[in-house]
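Notes for the one structure printed next.
The values are calculated or read from the model by the stated rules, or taken from the named source; none is laboratory data. Bear in mind that the values here come from a model prediction, so they are computed numbers and not experimental data. Glycine also receives a Cβ, built like all others from the backbone with ideal geometry; neighbour counts cover every protein chain displayed.
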Amino acid sequence: MKSVRLLVLGALRRRGRAHGYQIRADLEAWGAHEWSTATSGSVYHALKSMAGQGLLVTHERAPSIASGPPRIEYELTDKGEREYFALLRRALTDREPSLDVLGAAVGLIEDLPRDEAVRMLRERARAMQEWRTSIMSHLPSDADLDTWGPVGEVLRLWLTTADTGARWTHRLIHRLEEGAFVMSGEDPALTPPTD
């Protein structure tokens, strides 16, 4: 999965209807051009591609004052809405999505109900623990990774990745359980502030 697809769908969903420049500006305001593949060209390509797949509907607007071509505005279709939530859910439950995909999903997590987001993150944490257990099950109980050369470092990398990812996931779960963020279906006036 590519982060640009999730980001563009999420940004467009939040706007309701927008042209490519607005979506690109939103993603740049989030800093997504620094940590994801959401560059100017990739945003426009994603919009055209997803419109061709029936995920977006296009609306042509009048040309700009400078006599430029008409701007095309995009809007999610029902199919696009389903695709967005499928991508968001997959990114949150995957034990090892690329960092840009995970970053996109966490940046858009407020589009989910709190209990669903917590449940998905618990699934992710459980998958990471199972991955760690699987790695360890192939090692002798007295394994000293320092003596395994580069292979030992690769194994240590996977174990550290599993441990760090699980810790981070549990921290986010805790924050959500404590009321962090205004999640889908919640009244912002009733959500307690958190540190």
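Quick one: is Asp100 under 28 Å from Trp158 (Cα atoms), under 16 Å from the mean Cα position of the chain (by Cα), assigned to a helix (DSSP H, G or I) and at pLDDT 90 or above?
On the way: under 28 Å from Trp158 (Cα atoms): yes; under 16 Å from the mean Cα position of the chain (by Cα): yes; assigned to a helix (DSSP H, G or I): yes; at pLDDT 90 or above: yes.
Yes; evaluated as a whole, the condition is true for this residue.
Pull up the stretch 57-97, narrow it to residues that are polar (S, T, N, Q) and surrounded by 15 or more Cβ atoms within 10 Å (Cβ to Cβ), then point me to the one that is modelled with the highest pLDDT. Ranking the candidates gives Thr77 first. Could you give every pair whose Cβ atoms fall below 7 Å, whose first residue belongs to the stretch 4-23 and is more than 17 Å from His59 (Cα to Cα), and whose second residue is crowded, with 21+ Cβ neighbours inside 10 Å and among the aromatic types (Phe, Trp, Tyr), counting only separations of at least 6 or pairs across chains? Between residues of the stretch 4-23 that are more than 17 Å from His59 (Cα to Cα) and residues that are crowded, with 21+ Cβ neighbours inside 10 Å and among the aromatic types (Phe, Trp, Tyr), the close pairs are Gly10/Tyr84. As for the stretch 137-147, it holds at least one residue that is more than 30 Å from Pro113 (Cα to Cα) and in contact with a Lys or Arg (Cβ under 6 Å, 6 or more places away or on another chain). Can you name the residue in the stretch 155-195 that is surrounded by fewer than 11 Cβ atoms within 10 Å (Cβ to Cβ) and outside any helix (DSSP H, G or I) and, of all such residues, is modelled with the lowest pLDDT? Within the stretch 155-195, the match that is modelled with the lowest pLDDT is Asp195.
Taking the stretch 126-142 as the range and being small (Gly, Ala, Ser), at pLDDT 90 or above and assigned to a loop (DSSP other than H, G, I, E, B) as the test, no residue passes.
For the stretch 109-149, the set of residues classified as surrounded by 14 or more Cβ atoms within 10 Å (Cβ to Cβ) and under 19 Å from Gly185 (Cα atoms) consists of Ile109, Glu110, Asp111, Leu112, Arg114, Glu116, Ala117, Val118, Arg119, Met120, Leu121, listed by residue number. In this structure, Ala117 does satisfy being within 30 Å of Thr39 (Cα to Cα) and outside the structural domain of Glu34 (by TED's automatic domain parsing).
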